[in-house]
Amino acid sequence: MIKAGSLTAIGLVAIASLALASSASAEKLRLKGEIVGQPQSKAQITVLRNKHKNLKAVLKVKFTKVQATCQDGTGGAISGSDPRQFAISGKNFTRKTRVLGTGIEHGYFKATGKFRRGGKAVKGTVRFAFKTTSGVGCGTGKVPWRAEA
């Protein structure tokens, strides 16, 4: 004989297992690539897809060693990342976030992208703009990038 209290416990276990199964069916895709024309650079993006292969969110976006030039004629490479999750609108995304680091007073990078092949490939543009602690403005301009799984 099953008591009412044990039936509730069995129901809760069943509901918990269903919740785990639905989250387990979500898939993370890690796409890697580079800034077009800059083989030393890297572009990385992690995407979340549901069990129907629909794109749900970007979990992380990261760019490293992107060539930047400054108003005083100097230059170098800059990197930036945003580890915060954000939603995808259809197949497109846009993300703007602050850039922090040694020698940077304030700045940002803005990344845009459009997914193809069910989220297994993406291409877009990224732009870094920042001011150094010495007051010199620097940036990359809008540069194309691409990545794939």
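One table, with the values for the structure above:
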| item | result |
| --- | --- |
| Net lengthening on full extension, residue 102/residue 89 (0.36 nm per residue, minus Cα-Cα) | 1.3 nm |
| Average silhouette area of segment 23-149, convex hull of alpha-carbon atoms, in square nanometres | 7.6 nm² |
| Aspartates and glutamates whose Cα lies under 17 Å from that of residue 42, excluding same-chain neighbours fewer than 8 positions away | 34, 82, 148 |
| Distance in nm between pseudo-label sites at residue 142 and residue 116 (7 Å out along the Cβ direction from Cα) | 1.9 nm |
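Readers should treat all values here as calculations from the given coordinates under stated rules, not as data from a laboratory. What you are looking at is a predicted structure, and each value in this text was computed from that prediction instead of being measured. We place every Cβ from the backbone using ideal geometry, glycine too, and count neighbours over all the protein chains shown.
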